[in-house]
């Protein structure tokens, strides 16, 4: 049975998009959201956990759109940046950009590049851009590093 959240009273809400969505997604890590959801579940309030997860999914999706649009424009140096969507290494496997990994980890792009440079998460360089295997990102999230 799927749990569907229905508010007891009308919800007040705010539209979050653009740089605000990116700011929230970077500064509110997935681990904090997961911990809060577990607390809601433990306290018998699964509907609040569901609402929080749905809200954060919407914010992260809005952040991804913002980053994609920002990166689609040409940078000041005149070169186009890699879009934050899966990057194809070969026809059988998709890889993630730093921007996409940053959203999934709830970190800034700069911090993801630092983690990659330090060798704490596997990745490789493609045309001067870092590219990350989705499984390597999941392993890093779970604390499994090489």
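Tabulated values for the structure
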| item | result |
| --- | --- |
| Test: residue in the stretch 90-100 that is under 16 Å from residue 28 (Cβ atoms), in contact with a helix residue (DSSP H, G or I) (Cβ under 8 Å, 6 or more places away or on another chain) and at pLDDT 85 or above | no |
| Residues of the stretch 102-146 that turn out to be in a helix (DSSP H, G or I) and more than 19 Å from residue 32 (Cα to Cα), as a count | 9 |
| Condition check for residue 122: at pLDDT 85 or above, farther than 25 Å from residue 23 by Cβ and either in the same structural domain as residue 60 (by TED's automatic domain parsing) or surrounded by 15 or more Cβ atoms within 10 Å (Cβ to Cβ) (or both) | yes |
| Meets criteria (at pLDDT 55 or above and more than 26 Å from residue 123 (Cα to Cα)) for residue 52 | yes |
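The values are calculated or read from the model by the stated rules, or taken from the named source; none is laboratory data. Note that the structure is a prediction, hence the values are computed from the model and not measured. Glycine also receives a Cβ, built like all others from the backbone with ideal geometry; neighbour counts cover every protein chain displayed.
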